[in-house]
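A short worksheet on the structure shown next.
The values are calculated or read from the model by the stated rules, or taken from the named source; none is laboratory data. Only a predicted model underlies this, so the values are computations on that prediction, with no experimental measurement involved. Using ideal geometry, Cβ is built from the backbone for each residue, glycine included, and neighbour counts are taken over all protein chains shown. All accessible areas refer to the heavy atoms of the entire protein, side chains included, with ligands and DNA or RNA removed. Shrake-Rupley method; radii C 1.70, N 1.55, O 1.52, S 1.80 Å.
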Amino acid sequence: MGAGHHHQLYLPGDSLVHRLPPQCKLLAVFAFAIVVVATPRERFWAFALYAVLLGLVAAVARVPPAYVLRRMVIETPFVLFAFLIPIVGMGERIAVLGVSLSVPGLWAAWNILAKATLGVVASILLAATTEPRVILIGAQRLRLPSLLVQIAMFMLRYMDVIVEEMRRMRVARESRGFEARNLRQVPVIARSAGALFIRSYERGERVHLAMLSRGYSGQMPIIQDFSASARQWGIALALPAVALAVLGLSW
């Protein structure tokens, strides 16, 4: 099924990474994340090499560093949590710039921050080189539950439709002089939310009936071929393979 537009996380291009089948990239990112998580937190040099590997992937995919950095803002909650751990942690303590910090907490903060950052960057590169609908098709080819994949596809396809419906309802309220200034306006917002739910539910029923009338039998047709060759699998799995070799050296 078509998406109709590019997602804001997707960076259109024609690089080697862009051309890889989605199932190859999904499995590569998943395997890379497992290797990163399994790496002992004391192996600083291993995490540095993982970062270099992701930098090489970004260079091959022609994804600018600034593009990745801007989207790493999603990691902010992990960063804040990591900075709090040494402060509230127990055990042996050490003074850093006049602040008493927990040594086990510092190790835990480093562990979370390093592994989360590498995972986030790998996910950003995946999203930047693969359209969301194509990622879902790749998940389907990896034999993920078909029903879950279809639900995600419809959510992706109709999310913008529902957001646009919300915008029109907001414009209609404001054109009639409505302003949400205090709690007295909550009933109006609640009725709008209820109306939006009913409209979305009815739209879903209409779409389902239209699908049945066109021969839908539980599987969505895939028009574009995303089969992967042995060479493409080898290129995609080179990232986790090298990371696994680094992990082997770190033990």
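Here's a check for you: in region 48-107, which residue that is charged (D, E, K, R) and part of a helix (DSSP H, G or I) is farthest from the chain's Cα centre (by Cα)?
The qualifying residue farthest from the chain's Cα centre (by Cα) is Arg70.
The set of residues in region 98-111 being out of contact with any strand residue (DSSP E or B) (no Cβ under 8 Å at 6 or more places or on another chain) and exposed (fewer than 13 other Cβ atoms within 10 Å of the Cβ) consists of Gly98, Val99. Just to verify a result, which residue in region 85-97, among those that are open to solvent by 100 Å² or more (accessible area, probe 1.4 Å) and of a type outside the set (D, E, K, R), is farthest from Asn111 (Cα to Cα)? Going through the qualifying residues, I end up with Leu97. Every condition in (1) open to solvent by less than 60 Å² (accessible area, probe 1.4 Å); (2) under 30 Å from Lys115 (Cβ atoms) holds for Val242 except the one numbered (1).
Looking only at region 165-180, decide whether some residue is under 30 Å from Pro21 (Cβ atoms), in a helix (DSSP H, G or I), touching a residue at least 24 places away in the same chain (Cβ under 8 Å) and open to solvent by less than 50 Å² (accessible area, probe 1.4 Å). Checking region 165-180: not a single residue is under 30 Å from Pro21 (Cβ atoms), in a helix (DSSP H, G or I), touching a residue at least 24 places away in the same chain (Cβ under 8 Å) and open to solvent by less than 50 Å² (accessible area, probe 1.4 Å).
Would you mention how many residues in region 210-225 are loosely packed, with under 11 Cβ neighbours inside 10 Å, part of a helix (DSSP H, G or I) and of a type outside the set (Gly, Ala, Ser)?
Within region 210-225, the first condition is being loosely packed, with under 11 Cβ neighbours inside 10 Å, and the residues that meet it are 210, 212-215, 217-219, 221, 223-225.
Now restrict to residues that are part of a helix (DSSP H, G or I): 210, 212-213.
This time we only want the ones that are of a type outside the set (Gly, Ala, Ser), so: 212.
Of the residues in that region, 1 qualify.
Beta carbons closer than 9 Å, at least 6 apart along the sequence or on distinct chains, pair a first residue in region 89-111 that is among the acidic types (Asp, Glu) with a second that is surrounded by 13 or more Cβ atoms within 10 Å (Cβ to Cβ) for Glu92/Ser102; Glu92/Val103; Glu92/Pro104.
In region 119-141, of all residues being out of contact with any Pro (no Cβ under 9 Å at 6 or more places or on another chain) and open to solvent by 40 Å² or more (accessible area, probe 1.4 Å), the one that is farthest from Leu49 (Cα to Cα) corresponds to Arg133. Every condition in (1) within 30 Å of Arg41 (Cα to Cα); (2) free of Cβ contacts under 8 Å to residues at least 40 places away in the same chain is met by Leu209 except one, and the failing one is (1).
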